[in-house]
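Participant: Below is the structure I would like to discuss, written out as structure tokens.
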Amino acid sequence: MATFPKYFREFSCFDDLTDEQIDTIAEFSDAVCYPANKILFKEGEVGKKLYFLRKGELEVLFNIGEEGQVRVDTLFGEEIAGCSALVEPYIYSATEKTLTEVEVLEVDNQALRELIQKDCQLGLLIQQQLLKKLMKRILDFRINLLQQ
């Protein structure tokens, strides 16, 4: 399991990382293609991977009472999926499924958390970038709700 470090440079959240830091992350990562209609992970499962979407589209589904699974968002472009698995209790907070064929970088969450504990500067940089992306996603979601 290892992928090309250059793939991580496609994502702005890695802009401030050194080549050595990216090389280390690439060692416990893999570039994977999945077909349409593949569930990457389910809400409530233990989060084992963090996904960086290189190509394709994902849908984000939440279980909402009697309605069951409801699509609340669509991810495409430079997006990240499975971030809730980096935060205790390390459980996915949504189900994410491919809408099209996708290519993702899969990062082993346990290995990433261990690296972050060893390299606090790396952890801070990653957390800042992930929070920026998630905040943008929340703001976009709010704007979309207002426009409906």
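Participant: Of all residues in the stretch 76-104, how many are free of Cβ contacts under 8 Å to residues at least 24 places away in the same chain and over 20 Å from F8 (Cβ atoms)?
Facilitator: Of the residues in the stretch 76-104, 3 are free of Cβ contacts under 8 Å to residues at least 24 places away in the same chain and over 20 Å from F8 (Cβ atoms).
Participant: Moving to a separate point now. Between a first residue in the stretch 18-47 that is within 22 Å of F76 (Cα to Cα) and at pLDDT 95 or above and a second residue that is small (G, A, S) and not in a loop (DSSP other than H, G, I, E, B), which pairs have beta carbons less than 7 Å apart while being 6 or more apart in sequence or on different chains?
Facilitator: L40/A81; G47/S84; G47/A85
Participant: Follow-up question, since we're still on this one. Conditions: (1) farther than 23 Å from L124 by Cα; (2) surrounded by 14 or more Cβ atoms within 10 Å (Cβ to Cβ); (3) of a type outside the set (D, E); (4) at pLDDT below 95. G65 meets all but one. Number of the miss?
Facilitator: (2)
Participant: Identify, from the list K118, K132, the residue that is among the charged types (D, E, K, R), within 26 Å of D23 (Cα to Cα) and in contact (Cβ under 8 Å) with a residue 24 or more places away in the chain.
Facilitator: K132
Participant: Could you tell me how many of the residues in the stretch 92-148 are under 24 Å from I39 (Cβ atoms) and either in a helix (DSSP H, G or I) or not polar (S, T, N, Q) (or both)?
Facilitator: Of the residues in that region, 26 qualify.
Participant: Using the structure shown, decide if R71 is of a type in the set (K, R) and within 22 Å of F8 (Cα to Cα).
Facilitator: No, not satisfied.
Participant: Continuing with the same structure: Mind checking which residues of the stretch 68-91 are β-branched (V, I, T), farther than 16 Å from L53 by Cα and part of a strand (DSSP E or B)? Working first, answer last.
Facilitator: Filtering the stretch 68-91 for residues β-branched (V, I, T) gives 70, 72, 74, 80, 87, 91.
Subset that is farther than 16 Å from L53 by Cα: 70, 72, 87, 91.
Answer for the stretch 68-91, where residues must be β-branched (V, I, T), farther than 16 Å from L53 by Cα and part of a strand (DSSP E or B): V70, V72, I91.
The values are calculated or read from the model by the stated rules, or taken from the named source; none is laboratory data. Values in this document were obtained by computation on a predicted structure and should not be read as measured data. When we count neighbours, we look across all protein chains shown, and the Cβ atoms used for this are built from the backbone with ideal geometry, even at glycine.
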